[in-house]
1. Filter the range 136-155 down to the residues that are aliphatic (A, V, I, L, M) and within 19 Å of PRO77 (Cα to Cα), then identify the one that is surrounded by the fewest Cβ atoms within 10 Å (Cβ to Cβ).
2. Taking VAL125 as meeting all but one of (1) part of a helix (DSSP H, G or I); (2) more than 30 Å from LYS7 (Cβ to Cβ), write down the number of the exception.
3. Might you check whether a residue that is in a strand (DSSP E or B) and closer than 28 Å to ASP99 by Cα occurs anywhere in the range 157-173?
4. For residues in the range 92-101 being exposed (fewer than 12 other Cβ atoms within 10 Å of the Cβ) and of a type in the set (D, E, K, R), which is modelled with the highest pLDDT?
5. Tally time: how many residues in the range 156-173 are touching a helix residue (DSSP H, G or I) at 6+ places or on another chain (Cβ under 9 Å) and either touching a residue at least 12 places away in the same chain (Cβ under 8 Å) or crowded, with 16+ Cβ neighbours inside 10 Å (or both)?
6. For the structure I just gave you, tell me whether GLU128 is exposed (fewer than 14 other Cβ atoms within 10 Å of the Cβ) and at pLDDT 85 or above.
7. So which residues in the range 1-31 are within 16 Å of ASP99 (Cβ to Cβ) and modelled with pLDDT of 75 or more, if there are any at all?
8. Give me the residue from the range 174-185 that is buried (at least 19 other Cβ atoms within 10 Å of the Cβ) and not in a loop (DSSP other than H, G, I, E, B) and, out of that set, farthest from the chain's Cα centre (by Cα).
Amino acid sequence: MKKFFGKKQVMIATLAVALGLAVYLNYYFAQQELPLREDTATNATRYTGDNLGDSQYVNGSATANSETDPTAPASSPYFRQARESRQAAREESLQMLRDLANDVTASQQTVDETAEKIVAVAAAVDQESKIESLIRAKGFEDCVVFIEGENCNVVVQSDGLTPAQTLQISEIVTAQSSVKSENIKISAINS
């Protein structure tokens, strides 16, 4: 009698749970407010957290998540909808991969390929989250990142990007992912 749950099926189920956890944590931390305080000496907002390195001066006012702070301005509809669409598409894709991995009639090669795809999706979720956090730490009010294979699309909330800002965003993406600079597309929208 063939085993219903082999080592590889248990590994795939564990990876699927880890991916689900990574997606949840990405969503949870994306909703968190960075600890900011007003610096009266320079009339700027200063990031005072420990996780992103030294303090960074940022032009403009402190922004917060409207879900955790009712007095904070709401996130732009574009960015909110983009994150929701990305999350929904990713969950649908992962569900299809889980179904394929748990199919008892699937070949071992199919199960192995499915496990690799699940790991790749988990890595993309982690990379997108880090990149978005680092871009916001550089002073952009909001951004959303889409990593698909060897390509990356970055959309930032800005009236326009200077060449230095574009280079800064490109360097963040290449440092946090395996995407080459020629495969990065950066767009700015004012919403």
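The values are calculated or read from the model by the stated rules, or taken from the named source; none is laboratory data. None of the values given here were measured: they were computed from a predicted structure. Using ideal geometry, Cβ is built from the backbone for each residue, glycine included, and neighbour counts are taken over all protein chains shown.
1. The selected residue is VAL155.
2. Result: VAL125 passes all but (2).
3. No, the conditions are met nowhere in the range 157-173.
4. Looking at residues that are exposed (fewer than 12 other Cβ atoms within 10 Å of the Cβ) and of a type in the set (D, E, K, R), I get GLU92.
5. Result for the range 156-173: 9.
6. So GLU128 fails the test.
7. LYS8, GLN9, ILE12, ALA13, LEU15, ALA16, VAL17, LEU19, GLY20
8. Among those residues, the one meeting the criterion is ILE184.
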